[in-house]
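Each remark here refers to the structure printed beneath this line.
The values are calculated or read from the model by the stated rules, or taken from the named source; none is laboratory data. These numbers come from a predicted model, not from an experiment. For neighbour counting, all protein chains shown are included, and Cβ atoms are generated from backbone atoms with ideal geometry for every residue, glycine included. Side chains are part of the model used for accessible areas, which takes the heavy atoms of the whole protein and leaves out ligands, DNA and RNA. Shrake-Rupley method; radii C 1.70, N 1.55, O 1.52, S 1.80 Å.
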Amino acid sequence: MLDFFTIFSKGGLVLWCFQGVSDSCTGPVNALIRSVLLQERGGNNSFTHEALTLKYKLDNQFELVFVVGFQKILTLTYVDKLIDDVHRLFRDKYRTEIQQQSALSLLNGTFDFQNDFLRLLREAEESSKIRAPTTMKKYEDSEKAKKPVRSMIETRGEKPKEKAKNSKKKGTKKEGSDGPLATSKAAPAEKSGLSVGAENGVELSKEELIRRKREEFIQKHGRGMDKSSKSMKSDAPKEKGKKAPRVWELGGCANKEVLDYSTPTTNGTPEAALSEDINLIRGTGPGGQLQDLDCSSSDDEGAAQNSTKPSATKGTLGGMFGMLKGLVGSKSLSREDMESVLDKMRDHLIAKNVAADIAVQLCESVANKLEGKVMGTFSTVTSTVKQALQESLVQILQPQRRVDMLRDIMDAQRRQRPYVVTFCGVNGVGKSTNLAKISFWLLENGFSVLIAACDTFRAGAVEQLRTHTRRLTALHPPEKHGGRTMVQLFEKGYGKDAAGIAMEAIAFARNQGFDVVLVDTAGRMQDNAPLMTALAKLITVNTPDLVLFVGEALVGNEAVDQLVKFNRALADHSMAQTPRLIDGIVLTKFDTIDDKVGAAISMTYITSKPIVFVGTGQTYCDLRSLNAKAVVAALMKA
């Protein structure tokens, strides 16, 4: 039973609607438009919203959308056929009204389609019932039953014959290979009085076999002695040229003062080189303002300039024919026209580090978007598909929700509470380093920061944050802020409960008047159930304002697995009725991938969450905001 079937234009005008139940179809259809159609995620023609499954079909020639909704617990096999039949009949019946392509004509038009739809629905249901159930094949109908018994016996009897032949061949090979050995063994046999015929064809006695084995052993033992003596002689000259071991002054009794080459310290900070090291760690550039990510390089600009020079020298006739090649003159695109171009685009995206499944879904979405669309006179299939793919990628990198941390922090200040951010991710992606970069960015904007060391698992995690806190304090000392401590570390050591430490840190920040609490968590693989349970507990108990997933730009297919399993684990291990999932992404190590920026597409596509920060280096100023057009330009670059 269908809940609803609706037909509307891409401009938002509902042309016809069928209601199978009393509930309104407005909510599910609006969710489909927001989450799929506007976000360019049309690779799959199915969408799930709460208890409903929505299937849709796009008509790009007439700019129409056909949507059917039914309960997801039902398995209706006739839905796809019903959508195709309704699409074909509705388009053919109201072609003239739709081709006018004006909102006024669509509003004034009367689309009396109820009787036709009920007839198509009845035919589709009956066709699914008429389909005969599949019966199991009998043994008499199988190919094995048609074979005679004699053929089976012959095939079974051939196997030992083949083995015998192979063994004979192996025996002849061994005899041929043992020829030189037999001749070498003939000499001691002749000395002992044995005839040659006894060796070749006649069986030897027990005493003669023992004597021969003894002689073979002596020969082998003698050869081994010769080899060992040769190796000893050959190693002798090598020892003369071997490097002499280094002699230490104290003869192995090392003193810490002799081995300590570090600079003298006072309270854990270097005395003389403090300002110089801090300037190197800070980096260059404005720390309080995030610059847009720039994916272009000087090499690319030089290559572009070089590529324009030879193009000017080409003949005008060849350039004209090259331009006219592949033009499509006022015809509607089909999948056959786009197939070769989409295959190249898919391979190009995978080569740029986009996950394989997502590359396939992106190309499928572009195909659904362009199928049936009428092309212009001077436009090629390649340029049309490439432009549509670029628009889809830009739309994906600009998801529904935009995270503005500074605005949210000021809103939390008005409510007199700290703004809490939790960092999570797998091992070794740079959570602590990028937490320090974000701390520096917040300090430059005048907000005080409390760093909560909730990584009680990894050795050295607290010390790493303590070092960052010391350096950030040197960059923003209390003297510059009227004696107010701008950054502080809250830690309780190792082996403690991370959720309890985060709760104490938030209470401490509220009492001391800190603006932001940055919670650092332990790195964990997405398959580690105990650590994922602990992370879900930390997020559920403390309810942070922002949950950031830190992922590196080097990964390809692994990005999809990480994000899907992190979200699934947070949902499964959460004790809340509506579990808290990932709110945004921090993409690290972006300076190491050149133009292979596909991880940004993979992470954003799979979560529908924005990339809030991009890490581009080791200094505190190496933090950028994502520029969607620059990333897409680097992604589409050949």
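ALA412: farther than 30 Å from VAL341 by Cα, in contact with a Pro (Cβ under 8 Å, 6 or more places away or on another chain) and part of a helix (DSSP H, G or I), yes or no? In short, yes. Within the stretch 588-599, if we keep just the residues that are open to solvent by 10 Å² or more (accessible area, probe 1.4 Å) and of a type in the set (A, V, I, L, M, F, W, C), the residue that is farthest from SER432 (Cα to Cα) turns out to be ILE593.
Considering each residue of the stretch 434-445 in turn, none proves to be touching a residue at least 24 places away in the same chain (Cβ under 8 Å) and more than 35 Å from the chain's Cα centre (by Cα). Looking only at the stretch 5-52, how many residues end up being open to solvent by less than 20 Å² (accessible area, probe 1.4 Å) and in contact with a Lys or Arg (Cβ under 8 Å, 6 or more places away or on another chain)? Total satisfying the criteria: 1. Once the stretch 330-347 is narrowed to residues that are in contact (Cβ under 8 Å) with a residue 40 or more places away in the chain and not β-branched (Val, Ile, Thr), the residue that is farthest from LEU64 (Cα to Cα) is MET345. The single residue among SER602, SER625 that is open to solvent by 10 Å² or more (accessible area, probe 1.4 Å) and either aliphatic (A, V, I, L, M) or touching a residue at least 40 places away in the same chain (Cβ under 8 Å) (or both) turns out to be SER625. From the list ALA412, ALA436, ALA453, the lone residue that is open to solvent by less than 10 Å² (accessible area, probe 1.4 Å), farther than 20 Å from LEU635 by Cβ, at pLDDT 90 or above and out of contact with any helix residue (DSSP H, G or I) (no Cβ under 6 Å at 6 or more places or on another chain) is ALA412. No other residue among ASP515, ASP572 is within 27 Å of PRO418 (Cα to Cα) and open to solvent by 10 Å² or more (accessible area, probe 1.4 Å) apart from ASP515.
Look at MET486 and say whether it is aliphatic (A, V, I, L, M), open to solvent by less than 20 Å² (accessible area, probe 1.4 Å) and farther than 21 Å from VAL586 by Cβ. So MET486 fits the description; yes. Selection of the stretch 360-391 for residues being among the small types (Gly, Ala, Ser) and in contact (Cβ under 8 Å) with a residue 60 or more places away in the chain yields SER365, GLY372.
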